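Working notes for the structure below.
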Amino acid sequence: MVIFMMDIYYYVISVMVSVVMGLIIKLPLKLDKESFEGNLFFPTIFIALGLTSIVEFLFGLNIIFSLFIGLISPIFSKYVNIIFPGVEYGSY
Amino acid sequence: MEVIELIKLISASIICWINFVIVDIYFGLPKKPGVSGAEVIGSKIEKIGGNINGGYFMGNIVCSPDASAGTLMASIFYYVMGVKGGLIASMLIFIGNRLCNDPGYAGSIGAITATILMYAFSGLIEPKYFIGGMVIAIFTIQGLYHVWASKLLGNLAKKLRMI
Amino acid sequence: MDIVMLSVGILSVITGFRIILSRSKTQKMLYVCCLNFCVAALIVLYIKSPMGAIASIAYFIGSTISSNAIAHTIGEMKKIKDIKD
């Protein structure tokens with residue numbers, strides 16, 4: 001039970017660090033359902049949770065991995081329109 | 001004994017149907033076709049006598065992995081890995097949505113809500129039944145009879161005031 | 001054989017016959033989407049391991065991209081000449 005609670009703490013730490021880093025690098029706060037740009041909450045939290053669970057499945061968790069995932073997930077969210085762009089001619 | 005399994009399968013199917021239809025309607029699938037292939041399918045459904053908004057809904061499901069695919073993938077990953085599989089499925093569905101020219105809100109949030117529902121029902125219904133239930137739920141929309149399904153989806157979207 | 005695999009198999013056979021019997025190209029796309037769901041569920045019911053789940057999601061996203069491309073092509077061809085969809 002104690003080990004299970006420690007894993008929950010690592011997930012919470014990575015999400016909190018990613019939101020704080022997103023505030024520092026000025027991600028937009030407004031949530032728009034139509035646009036392809038990332039904002040503070042939408043891809044950031046899902047990318048952080050998914051990467052943390054992949055790392056737990058492959059290697060096991062510790063504090064270094066949590067801080068590193070919290071560092072790279074808002075950077076991915078800031079440049080998500082360049083990595084996976086939405087094209088003009090495909091949309092209706 | 002088989003009667004209990006059949007009851008579990010049908011109740012899991014109803015839960016999955018409600019989950020993905022509510023999430024998809026809330027994120028605006030019946031309002032407009034997201035990609036240009038969905039507009040072709042919507043106009044064809046209208047030509048054979050169905051509803052245009054239900055046709056856009058069905059075309060958007062065909063052309064990009066939305067909350068229906070999110071529910072199926074979350075149940076598959078929950079079946080092999082537990083709760084943390086649902087989080088992995090959410091991230092992979094987001095990448096798949098972006099490859100299909102879709103902003104990706106419906107797929108990842110549908111996967112998260114399906115994971116929460118499966119964790120809430122984990123004492124009663126095993127995750128194996130949710131996989132079969134999701135296939136039955138998608139069969140009632142895409143495979144049974146397109147005119148009635150599009151009319152039902154259009155009326156439901158109009159009743160939730162999302163058109 | 002348990003009831004989940006049996007019901008998914010029966011639904012996939014029914015959908016396969018409806019693909020053959022349907023005349024419209026656009027309605028065939030809807031049945032093919034239902035068949036993709038059935039095959040992705042059958043892969044992970046046979047291979048109960050994390051690699052089976054990865055194979056299932058890779059198959060599903062690839063088939064969805066090809067459905068997107070075929071539907072887009074039908075729409076573009078209807079603008080050029082009058083085809084029967």
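Things worth noting here:
- Rounded tilt (10° steps) of C:50-80 against the dominant C-alpha axis of chain C: 10
- C-alpha center-to-center spacing [the stretch B:92-110, the stretch B:139-163] in angstrom: 22
- Summing charges over neighbours of B:Tyr79, with a neighbour being any other residue whose Cβ is under 11 Å away from its Cβ, gives +1 when K and R count +1 and D and E count -1.
- C-alpha center-to-center spacing [the stretch B:36-58, the stretch A:63-87] in angstrom: 37
- Rounded, prolate or oblate (a/c below 1.5 giving rounded, otherwise prolate when a/b exceeds b/c) for the protein assembly as shown by Cα gyration tensor: oblate
- Remark: mean inter-chain Cβ contacts per residue of C:61-74 equal 6, using a 10 Å Cβ-Cβ cutoff to other protein chain atoms.
- Projecting the Cα atoms of C:Ile47, C:Ala69, C:Ser7 onto the dipole axis of chain C, where Lys and Arg carry +1 and Asp and Glu carry -1 at the beta carbon, places C:Ala69 farthest toward the positive end.
- Given A:Lys33/C:Lys25; B:Lys32/C:Lys28; B:Lys8/B:Lys84; A:Lys30/C:Lys28, the pairs whose alpha carbons are separated by over 29 Å: A:Lys33/C:Lys25; A:Lys30/C:Lys28
- Each of B:Lys8, B:Lys47 was scored by other Cβ atoms within 10 Å of its Cβ. Listed from fewest to most, they are B:Lys47, B:Lys8.
- Evaluating 6.51 cos²θ - 1.76 cosθ + 1.60 at θ = phi - 60° for every residue in the stretch B:118-126, the Karplus couplings come out as 5, 5, 6, 9, 5, x, 8, 10, 6 Hz, glycine and proline recorded as x.
- C-alpha long axis of helix B:146-159 to longest principal axis of chain B, angle in °: 90
- Among B:129-135, B:51-57, the order from most to least packed when residues are scored by Cβ within 10 Å on average: B:129-135, B:51-57
- Helix B:67-81 axis, angle to chain B major axis (alpha carbon atoms, nearest 10°): 20
- The stretch C:1-51: C-alpha gyration tensor shape, a/c 1.5 cut-off, then a/b vs b/c: oblate
- With an a/c value of 1.5 or above and a/b not larger than b/c for the gyration tensor axes a ≥ b ≥ c computed over the alpha-carbon atoms, chain B is described as oblate.
- Ordered by the count of other Cβ atoms within 10 Å of each Cβ, fewest first, B:Leu156, C:Leu30 give B:Leu156, C:Leu30.
- Scanning residues 5 or more positions from B:Ser122 or on other chains, none has an amide H under 5 Å from its amide H, with H placed 1.01 Å from N in the peptide plane.
- Within chain A, the whole DSSP H helices whose Cα atoms reach 30 Å or more along their own axis and whose mean Kyte-Doolittle score is at least 1.6 are A:2-24.
The numbers here are math on the coordinates, done by the rules we state, and not lab data. Computed from a predicted model, the values in this text were never measured in an experiment. Don't worry about glycine lacking a Cβ; one is built from the backbone with ideal geometry, like all the others, and counts go over all protein chains shown.
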